[in-house]
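The values are calculated or read from the model by the stated rules, or taken from the named source; none is laboratory data. If you're wondering where the values come from, they're calculated on a predicted model, not measured in any experiment. Note: ideal-geometry Cβ built from the backbone for every residue, glycine included; neighbour counts use all protein chains shown. Accessible surface is based on the protein model in full, side chains and every heavy atom, while ligands, DNA and RNA are left aside. Shrake-Rupley method; radii C 1.70, N 1.55, O 1.52, S 1.80 Å.
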Amino acid sequence: MPGDDDTKVCTESFCTAVQNPDRMVRQRALKTFEEDFIHGIASDAECSRIFDETYLHILRCYSDRFESVRTVAVSVMDVLLGKLPTNDYYLDCIVPVLAKRIGQAETIEDSEELRLLLLEQLAALVVKYSDPDGNHGDPLLKVFDSVVDILIKTLRDPYPAAQKKSCEIVMALAVATPSLHYRAEVLVAPAKTILAHRHSANRIAAIETLGVLSLHILSNGDRVSEIIMALSPLLMDDVPFVRRACGRVGCLMLEKLRDRYSFFHRILPLVLNCLCDETVEVRVDIESGWKMAGEQYYQENETELSKVALIEKLPIGYPVERYVRPTVACRAIVQRSLRVVNLVLHEMEEWKDNIRLHATKLLKQLVLHAERAFSTLFIEVNPVLAKACMDAERSIVLEALNVCELMGILLDYDTWSQHVLNTFRKYPTIGQLRCMRTLFASCVQIEAKCNDVRKFAALLLDPDVCHNHEDAAYQRELLEFCSILASIGQKRDKLTAGLEEITVTESDGAEHQTLERILYTVALKVVAFCQDMEEKASVRAFGMEVLQLLDSDVARLHQHHLASVLCSIGHLDSENSDASTSILLLCGIVSMCGFQETYFTVLEETLRKALKHAAPEGKVKIFSAISVAMLSWNDHNRQPKEEQISMLKTFTESLIAPHLVWSAGRSAESIRTMATACFASMAQGVQLDVYMSLLPNYLNVLAGLIDDNCISTRAYTLKALVRLQPLNFESLKLIAFPIMSRLDDPSGEVRELAAVCLGRLKLVVESSDAADQQSVLERWQDILRQILSVMFLHLEHPETKLRSAIYDSLKRLYADNRDTITRLADEVPSGCSYKKDLEAITSQIINT
């Protein structure tokens, strides 16, 4: 250890050297002073003396024009400060210099790294002179304004590390001095600017800093609210640790904020949003902080809450497998702070998806904590929640449905049931439907909702509800609700009366119908609207599942209830187009249910009424539905032949036949085509003997339609004749030549059908007189020879399908006309291309 004289010489030499104009000399002197001299100082007195002799020269170097010199000077002062005793005199010497370098409005210190070193020196001073309780006179108070001025500047420093260090100094200052509250407010604005920083570490530091500052703002509640509002957007930050920092600040405020009870409603979103965070670490961390806040609240209000805890029970049906019930104190905090709901509802209607999603999640937490106390807010929440239930974002819809489910479990049935019923009557949107369906399904008060199951079912009968055929999602929701109502109704045996015979009148109101009939009507209409729509195939299949839930034999449901549905279809006496709701519903029902004896008369009357008033395109759609239904006639009708003939005869005469008659116009042509299609469907779907009992009465009309200008009409007419049975001569003469003429039709399909029909021509002799029989047979043979000659010629046709059809028809005709066909085949010259085909027909039959 050098003596006093040597020390004095050294300090004088150092002071001289740091004033040298040569940078290298100054820099070397500072390094030598730090490494060889300061480290050897042992006593506080000597260190203080050296400081007194050198600090002015060292601090002057803080403003040296060379960065390297300034950097070494700061390092020297750091070492010297580490050896100095705790004396506020040194603060007065150093802090003003720091304030001059980094605390001015304009940037004095250009070097980012050096600004960081100066901040680290300030941080060391704050720690060194820390006096949390003020027992030592609060030494930092003397330089407090200068320190705050520095922080106001450096919190906005463009250098990220300097920003982060400034936040750390603010938090250290809060611990080191009891005087931060004097100027805590002025630090809020600069700290808020860091919340948008691109570095997550800086955002976290800013969040923690603002949380600390809020605890030291003693009188300005608006400033605290400003802090909370600034933190709220960061609950949606992409970085989980940023979200966790928000939650931690919320828990800190709940425990330590001055006048915190009045801010509970603003602080809660910071905490509750983190309780449903997608990251497990965030949820676990904030749950522990939330419980600690609850425990503190319990201790502060133990008299009241202990009584509640003593008598409360777990609500019936509480979803313990999905949620952990919050503690009584945590629930009490939320229950006294339900003002926050208005804020949440406002954010649920924001235009940004992520804001709506987080607001809906927050609402779920509020319901989970508030439980029955939330009942008073249901009327306010319901319209916003219903809107969320039909949001374009699927994740928001799922969260909204979770809220509905919780409300159904935790709220009393009487709280929401009547309001939901009235609201849905006024606004039957898909959102209200989803909300109502989920509330009803999750309600645990079984007896109450069983008593009202018919009321909810009757709502669905409203045409504005069950006639909504454009939205597949709406239709699926209807069916979901129907299945729930059916399940509830079956528990109370509400459906048994539905199997009894019920008199059907048009004035049958929903309140007078059985639950089964109501649900059948709704499900049937949904399925009917989905007929012939591939994009709604899944909805149609689900609708059939709902019908089978009512009765495994769906045909039996049709027998008991379809007549009532048909009578309820309105506006059929209007000029409905094919897009009309009434026509779509009627056609869907006809296509789906077909024709059964129990409702045949009502269906016939309904179709007659619709056809009488419908627009041409509406009539086309009706006949299309009839043709589809006719294909399943045999599946639904097992009556004796005479009864079926009677049913079909009146139906055909009154509905189909009048529209087979030719009339001018494209619309009339389309109607005529589809009416002919009904005959073609009857040929396929009705028993052959029943069909042949009807067909002869319409051969005259059909013969004319074979030559119709419309290709489709000609095709359908020939399809109606492909299953011909033996006819009398007059009937055969009526259709034989028109069919034959179609072998030269422009349409390949018509040509093939004509070839098939010719093979079905067969004579039946009705006269008992032998002479008459011979005369009729000869006349038929004359006609047949003409037909066969034309068929032979068409065996040369280039179309393979046509030749094959003619070949098959010739084989069929040969069975009853061997001599005629053999003679005509022999007359064919041997060089003809079809000679071998004819020989093959005759020889094959002979061999057989």
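I'd like the full set of residues that are in a helix (DSSP H, G or I) and over 17 Å from Leu810 (Cβ atoms), limited to region 761-793. So that I can check it myself, show each step before the final result.
Step one: list which residues in region 761-793 are in a helix (DSSP H, G or I), which gives 770-793.
Correct list: Ala770, Ala771, Asp772, Gln773, Gln774, Ser775, Val776, Leu777, Glu778, Arg779, Asp782.
Mind listing whichever residues of region 709-760 are outside any helix (DSSP H, G or I), open to solvent by 50 Å² or more (accessible area, probe 1.4 Å) and either under 23 Å from Ala664 (Cα atoms) or among the aliphatic types (A, V, I, L, M) (or both)? Result: Asn709, Pro746. Checked against (1) under 30 Å from Ile484 (Cα atoms); (2) in contact (Cβ under 8 Å) with a residue 24 or more places away in the chain; (3) hydroxyl-bearing (Ser, Thr, Tyr); (4) not in a helix (DSSP H, G or I), Ser577 passes all but a single condition, namely (1). Among the conditions (1) open to solvent by 20 Å² or more (accessible area, probe 1.4 Å); (2) over 22 Å from Val186 (Cβ atoms), Arg243 misses just one, which is (1). Out of all the residues in region 113-127, is one or more among the charged types (D, E, K, R), farther than 16 Å from Tyr62 by Cβ, outside any loop (DSSP other than H, G, I, E, B) and in contact with a helix residue (DSSP H, G or I) (Cβ under 9 Å, 6 or more places away or on another chain)? No, there is no match, as no residue in region 113-127 is among the charged types (D, E, K, R), farther than 16 Å from Tyr62 by Cβ, outside any loop (DSSP other than H, G, I, E, B) and in contact with a helix residue (DSSP H, G or I) (Cβ under 9 Å, 6 or more places away or on another chain). Does region 644-666 contain at least one residue that is open to solvent by 30 Å² or more (accessible area, probe 1.4 Å) and within 30 Å of Pro463 (Cβ to Cβ)? Scanning region 644-666, I find at least one residue that is open to solvent by 30 Å² or more (accessible area, probe 1.4 Å) and within 30 Å of Pro463 (Cβ to Cβ), so the answer is yes.
For region 304-334, residues that are surrounded by fewer than 16 Cβ atoms within 10 Å (Cβ to Cβ) and not in a loop (DSSP other than H, G, I, E, B) total 7.
Of all residues in region 398-426, those that are β-branched (Val, Ile, Thr) and modelled with pLDDT of 95 or more total 1. With respect to the conditions (1) outside any loop (DSSP other than H, G, I, E, B); (2) in contact (Cβ under 8 Å) with a residue 40 or more places away in the chain; (3) surrounded by 15 or more Cβ atoms within 10 Å (Cβ to Cβ), Ile379 lacks only one, and its number is (3). The residue that is surrounded by the fewest Cβ atoms within 10 Å (Cβ to Cβ), among those in region 133-159 that are farther than 18 Å from Tyr89 by Cβ and of a type in the set (A, V, I, L, M, F, W, C), is Ile152. Look at region 441-466: where a residue is small (Gly, Ala, Ser) and a partner is modelled with pLDDT of 90 or more and open to solvent by 10 Å² or more (accessible area, probe 1.4 Å), sitting 6+ places away or on another chain with Cβ atoms under 7 Å, you get Ala441/Ile484; Ser442/Glu405; Ser442/Ile409.
Any chance you could count how many residues in region 160-189 are touching a residue at least 40 places away in the same chain (Cβ under 8 Å), open to solvent by less than 10 Å² (accessible area, probe 1.4 Å) and not in a helix (DSSP H, G or I)?
2
So which residues in region 39-97 are within 25 Å of Asp22 (Cβ to Cβ) and aromatic (Phe, Trp, Tyr), if there are any at all? Hits for region 39-97 are Tyr55, Tyr62, Phe66.
Among residues that are at pLDDT below 80, over 21 Å from Asp707 (Cβ atoms) and surrounded by 14 or more Cβ atoms within 10 Å (Cβ to Cβ), Tyr814 is not included.
Determine whether region 641-658 contains at least one residue that is touching a helix residue (DSSP H, G or I) at 6+ places or on another chain (Cβ under 9 Å) and not in a helix (DSSP H, G or I). The answer is no, given that none of the residues of region 641-658 is touching a helix residue (DSSP H, G or I) at 6+ places or on another chain (Cβ under 9 Å) and not in a helix (DSSP H, G or I). The set of residues in region 437-491 that are aliphatic (A, V, I, L, M), assigned to a helix (DSSP H, G or I) and open to solvent by 20 Å² or more (accessible area, probe 1.4 Å) comprises Ala441, Ile446, Ala448, Ala458, Ala472, Ala473, Ile484.
For Tyr129, the conditions (1) within 22 Å of Cys47 (Cα to Cα); (2) among the aromatic types (Phe, Trp, Tyr); (3) open to solvent by 30 Å² or more (accessible area, probe 1.4 Å) all hold with the exception of (3).
Scanning region 41-67 for residues that are open to solvent by 40 Å² or more (accessible area, probe 1.4 Å) and in a helix (DSSP H, G or I) gives Asp44, Ala45, Arg49, Asp52, Glu53, Leu56, Arg60, Ser63, Glu67.
Summed over region 266-283, residues that are open to solvent by 30 Å² or more (accessible area, probe 1.4 Å) and either part of a helix (DSSP H, G or I) or within 17 Å of Ala332 (Cα to Cα) (or both) total 4. Pairing each residue of region 704-723 that is closer than 22 Å to Met630 by Cα with any residue that is open to solvent by 60 Å² or more (accessible area, probe 1.4 Å) and not polar (S, T, N, Q), provided the two are 6+ apart or on different chains, yields C-beta distances under 6 Å for Ala715/Glu749. Inside region 193-215, can you point out the residues that are open to solvent by 60 Å² or more (accessible area, probe 1.4 Å) and assigned to a helix (DSSP H, G or I)? Thr193, Ala196, Glu208 - these are the residues of region 193-215 that are open to solvent by 60 Å² or more (accessible area, probe 1.4 Å) and assigned to a helix (DSSP H, G or I).
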